[in-house]
Amino acid sequence: MVYISALTLGLLGSFHCVGMCGPIALAIPLKTDSWLARIFGGVLYNLGRAITYAVMGAVFGLLGRGLVMSGFQQWVSIIMGAIMILSVITPSIYKNRFNADKGVFSFVGKLKMSLGKLFAQRSYGSLLMIGLLNGLLPCGLVYFAIAGAIATGSSASGSLFMFIFGLGTLPMLLAISLLGNMITLELRKKITKLIPYAIVFIGVLFILRGLSLGIPYLSPPEKAMTVPVEEAQQEEPSCCH
């Protein structure tokens, strides 16, 4: 269910991405030899973003892992879920949730300069690099996905969570790269309204997961959640024999 929520957030969030990353998706230097070459180039660009998200997920998942090893796994899941829900139901937070990039204009400026140089090229390697760098651009939806990666409590799970989130955004942004801005502003606004519901849904899932209610797949018992920690402790070498 956790990974399904990542895919859902990516799919719905991609309509928001049309406004932020759409111009980049429209401008990427795709090869024009054939439709197959265009599709392959578009997939490479989006795969680059997903790879960057996966690396970020591994880093923040490792942070979550540290909290798990400290015995806070349930609380991490509950707190991350609560943050997601509060960011939606609290008007002041929800209104400004996509403005979290204040104070990083210098970084973004340098990033855009690097992207600009890559746009002057027309190769598969440049398309992959554009995607990798594009994944570093500040985005409110990515921040929510990162919260989910932390809540997984594992570097591998956090990486997979973020990678699936990235794949969820692929269909829409690939379509834009190939067909242009085919989604009308009115339709985009309607679908974007679903994003807060998706965020609340994911937040509820993480809270249920942390509560350990014994519901298979949805809210596993506490013992099942702490198995990785116990195994890690057993693997530690003993100083006495």
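Brief remarks follow.
- Of all the residues in segment 27-51, those that are surrounded by 14 or more Cβ atoms within 10 Å (Cβ to Cβ) and in a helix (DSSP H, G or I) number 14.
- Candidates Leu132, Leu115 - the one that is modelled with pLDDT of 85 or more and either open to solvent by less than 40 Å² (accessible area, probe 1.4 Å) or under 22 Å from the mean Cα position of the chain (by Cα) (or both): Leu132
- Filter pass, Ile24 being part of a helix (DSSP H, G or I), at pLDDT below 85, aliphatic (A, V, I, L, M) and surrounded by fewer than 14 Cβ atoms within 10 Å (Cβ to Cβ): no
- Among the numbered conditions (1) under 24 Å from Ala58 (Cβ atoms); (2) at pLDDT below 85; (3) open to solvent by 30 Å² or more (accessible area, probe 1.4 Å), the only one that Ala198 does not meet is (3).
- Close pairs from segment 1-13: first open to solvent by less than 80 Å² (accessible area, probe 1.4 Å), partner of a type in the set (D, E, K, R) and part of a helix (DSSP H, G or I), Cβ under 7 Å, at least 6 apart: none
- Extreme residue, nearest to the chain's Cα centre (by Cα), among residues of segment 22-51 that are among the charged types (D, E, K, R) and under 13 Å from Tyr124 (Cα atoms): Arg38
The values are calculated or read from the model by the stated rules, or taken from the named source; none is laboratory data. Quick caveat, the model's predicted, so the values are computed rather than measured. All Cβ positions, even for glycine, are placed from backbone atoms using ideal geometry, and neighbour counts span all protein chains on display. The area values use the complete protein model at the heavy-atom level, side chains included, leaving out ligands, DNA and RNA. Shrake-Rupley method; radii C 1.70, N 1.55, O 1.52, S 1.80 Å.
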